[in-house]
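Participant: Sharing a structure with you now.
The values are calculated or read from the model by the stated rules, or taken from the named source; none is laboratory data. Computed from a predicted structure; not experimentally measured. FYI the Cβ positions are ideal-geometry reconstructions off the backbone, even for glycines, and counts take in every protein chain you see.
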Amino acid sequence: MPKTAKVSEKIKNITYSDNPNDWGVKLEYDSLNTFFKNEGINLVKEYISIREIADYSFELTLKSISDEFDVVFGFDYGRLNNIPDSYSIGHVGLLLKLEGENLLYLDPGPRNYGVRKVNIDDLYNAIKNKSDGLWIIKSTEHNTRL
């Protein structure tokens, strides 16, 4: 059996739906940290809700953590990409690099996968619109609250 099948059996929260709002990974509180620990992966996740980050400090927050840790962010796919039919559909990206008022991120797809460039303020608004946030992934050696 492929490794992905074994992992999905362990997570036990896979559902099937025709509603795009139900698609994707739904992480329960601390389930990612539990997965890392159970699989012997020396990583830990810290989640920061967008409600904890003021709009004027979002870019500074990204700058303060992106050089040292991996940052995954959840956002409203339709709002960020100006696709009204996809408003409220959640999506994620992996921050790669900050470039002035923009950032580069890795989009896992399935549509428009690859490296994408967006305005930081537009991303903040898309995260806020979905009431999502930032997942900071770091090694267990750096497990201190940001």
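Participant: Could you list, in sequence order, the residues of segment 75-114 that are outside any strand (DSSP E or B), among the charged types (D, E, K, R) and either surrounded by fewer than 19 Cβ atoms within 10 Å (Cβ to Cβ) or in contact (Cβ under 8 Å) with a residue 60 or more places away in the chain (or both)? Reasoning before the result, please.
Facilitator: To start, the set of residues in segment 75-114 that are outside any strand (DSSP E or B) comprises 77-89, 100-101, 108-113.
If we keep only those that are among the charged types (D, E, K, R) too, we end up with 79, 85, 101, 111.
If the condition is that a residue be outside any strand (DSSP E or B), among the charged types (D, E, K, R) and either surrounded by fewer than 19 Cβ atoms within 10 Å (Cβ to Cβ) or in contact (Cβ under 8 Å) with a residue 60 or more places away in the chain (or both), then 85, 101, 111 are the ones that fit.
Participant: Still on this model: Looking at residue 124 and the list (1) part of a helix (DSSP H, G or I); (2) surrounded by fewer than 18 Cβ atoms within 10 Å (Cβ to Cβ); (3) touching a residue at least 24 places away in the same chain (Cβ under 8 Å), which single condition is not satisfied?
Facilitator: For residue 124, the exception is condition (2).
Participant: When you scan segment 38-85, how many residues do you find that are charged (D, E, K, R) and modelled with pLDDT under 90?
Facilitator: Total satisfying the criteria: 5.
Participant: Moving to a separate point now. Regarding residue 64, is this residue more than 13 Å from the chain's Cα centre (by Cα), of a type in the set (Gly, Ala, Ser) and closer than 19 Å to residue 51 by Cα? Spell out how you get there, then give the answer.
Facilitator: Details: more than 13 Å from the chain's Cα centre (by Cα): yes; of a type in the set (Gly, Ala, Ser): yes; closer than 19 Å to residue 51 by Cα: yes.
Taking the combined requirement at face value, the residue satisfies it.
Participant: With respect to residue 59, determine if the residue is touching a Lys or Arg at 6+ places or on another chain (Cβ under 9 Å), outside any loop (DSSP other than H, G, I, E, B) and of a type in the set (Asp, Glu).
Facilitator: No.
Participant: Suppose the filter is of a type outside the set (Lys, Arg) and at pLDDT below 95; does residue 112 pass it?
Facilitator: Here the answer is yes, as residue 112 does meet what is asked.
Participant: While we're here: What number of residues in segment 37-61 are farther than 14 Å from residue 121 by Cβ and more than 16 Å from the chain's Cα centre (by Cα)?
Facilitator: Matching residues across segment 37-61 total 6.
Participant: Test of understanding: among 118, 72, which residue is part of a strand (DSSP E or B), surrounded by 12 or more Cβ atoms within 10 Å (Cβ to Cβ) and either touching a residue at least 40 places away in the same chain (Cβ under 8 Å) or among the basic types (Lys, Arg) (or both)?
Facilitator: The unique qualifying residue is 72.
Participant: Those residues that are without any contact (Cβ under 8 Å) to a residue 12 or more places away in the chain and basic (Lys, Arg), I need them from segment 35-49; list them, please.
Facilitator: Scanning segment 35-49 gives a single hit, 37.
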